[in-house]
């Protein structure tokens, strides 16, 4: 019987375009994921779950706005605050779980800028109020707090059974409270006619820091809409599920349009969910 000889012809990698190579790699990846899905049980978890989720958020201002005092808080202001919610999840369907969480989100940010101003100062060593100086670098510091009550339906896809997952869904928030504080701060030293004055004070208040504005933010939109993108890990533990996760909050609406330019607040959360089966 004649033996059949197999001949393999090498294909030079340099002759394959990047697009073709990417398509091949994508096809292999999709086929691998599909094969892994076929090996998994169709229904991994048939119980309802309820629980709590809590953690901390880091917030960053996009765009800018001006307060009634005319002082502006520019893009890049940052802050952090607590976020907490109650959640419920339906029984899983294959690798997907549908859920809903509702809770409270404290967003805040602080920013500052230097503004050259003409001010009347007090020399604390002589209590002399006769100095009127121009071009003093005054620090304007603004801090705002926004408290929201939110509801966020989501769909969770488990990459690994009882393990890694990704989660996505919209978030609808209602404004519960707002507050804005703007202060002006004197520099540590100023020079007057060759004399250095340490710890100068404002002539109006007699302090090195004075409050310009303190109160609720007017004309803030009562509704906030955003998209929540999460990744995390489900950890079974003594009959409950512990799920640490990281979530990015992508704002889709502005905080306020009047006296503002694209003012939004984006957030990055680090939270832990504790889930109990029913």
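Taken together, the criteria exclude residue 135 from residues that are in a strand (DSSP E or B) and crowded, with 19+ Cβ neighbours inside 10 Å. When you look at residue 117, is it under 21 Å from residue 182 (Cβ atoms) and surrounded by 15 or more Cβ atoms within 10 Å (Cβ to Cβ), yes or no? So residue 117 does not fit the description; no. Would you say residue 259 is in contact (Cβ under 8 Å) with a residue 60 or more places away in the chain, on the phi > 0 side of the Ramachandran plot, surrounded by 15 or more Cβ atoms within 10 Å (Cβ to Cβ) and over 19 Å from the mean Cα position of the chain (by Cα)? Yes; evaluated as a whole, the condition is true for this residue. Checked against the criterion of being over 22 Å from residue 105 (Cβ atoms), touching a residue at least 24 places away in the same chain (Cβ under 8 Å) and in contact with a strand residue (DSSP E or B) (Cβ under 7 Å, 6 or more places away or on another chain), the candidates 246, 225, 211, 220 yield just one match: 211. Go through the residues of region 54-65 one by one and say whether even a single one is surrounded by 10 or more Cβ atoms within 10 Å (Cβ to Cβ), under 19 Å from residue 241 (Cα atoms) and either modelled with pLDDT under 95 or in contact with a strand residue (DSSP E or B) (Cβ under 6 Å, 6 or more places away or on another chain) (or both). Among the residues of region 54-65, at least one is surrounded by 10 or more Cβ atoms within 10 Å (Cβ to Cβ), under 19 Å from residue 241 (Cα atoms) and either modelled with pLDDT under 95 or in contact with a strand residue (DSSP E or B) (Cβ under 6 Å, 6 or more places away or on another chain) (or both), which makes the answer yes. Being buried (at least 17 other Cβ atoms within 10 Å of the Cβ), touching a strand residue (DSSP E or B) at 6+ places or on another chain (Cβ under 6 Å) and closer than 26 Å to residue 69 by Cβ, is that true of even one residue in region 148-166? Scanning region 148-166, I find at least one residue that is buried (at least 17 other Cβ atoms within 10 Å of the Cβ), touching a strand residue (DSSP E or B) at 6+ places or on another chain (Cβ under 6 Å) and closer than 26 Å to residue 69 by Cβ, so the answer is yes. Can you spot a residue in region 93-103 that is in contact (Cβ under 8 Å) with a residue 60 or more places away in the chain, part of a strand (DSSP E or B) and farther than 29 Å from residue 190 by Cα? Yes, region 93-103 contains a residue that is in contact (Cβ under 8 Å) with a residue 60 or more places away in the chain, part of a strand (DSSP E or B) and farther than 29 Å from residue 190 by Cα. Among the conditions (1) surrounded by 13 or more Cβ atoms within 10 Å (Cβ to Cβ); (2) more than 17 Å from residue 134 (Cα to Cα), residue 201 misses just one, which is (2). Just for region 66-92: of the residues that are under 16 Å from the mean Cα position of the chain (by Cα) and assigned to a loop (DSSP other than H, G, I, E, B), which one is surrounded by the most Cβ atoms within 10 Å (Cβ to Cβ)? For region 66-92, the residue satisfying everything is 77.
In the set (1) surrounded by fewer than 15 Cβ atoms within 10 Å (Cβ to Cβ); (2) closer than 16 Å to residue 98 by Cα; (3) at pLDDT 95 or above, the condition left unmet by residue 174 is number (2).
The values are calculated or read from the model by the stated rules, or taken from the named source; none is laboratory data. What you are looking at is a predicted structure, and each value in this text was computed from that prediction instead of being measured. Here Cβ is always computed from backbone atoms with ideal geometry, including for glycine, and neighbour counts include all displayed protein chains.
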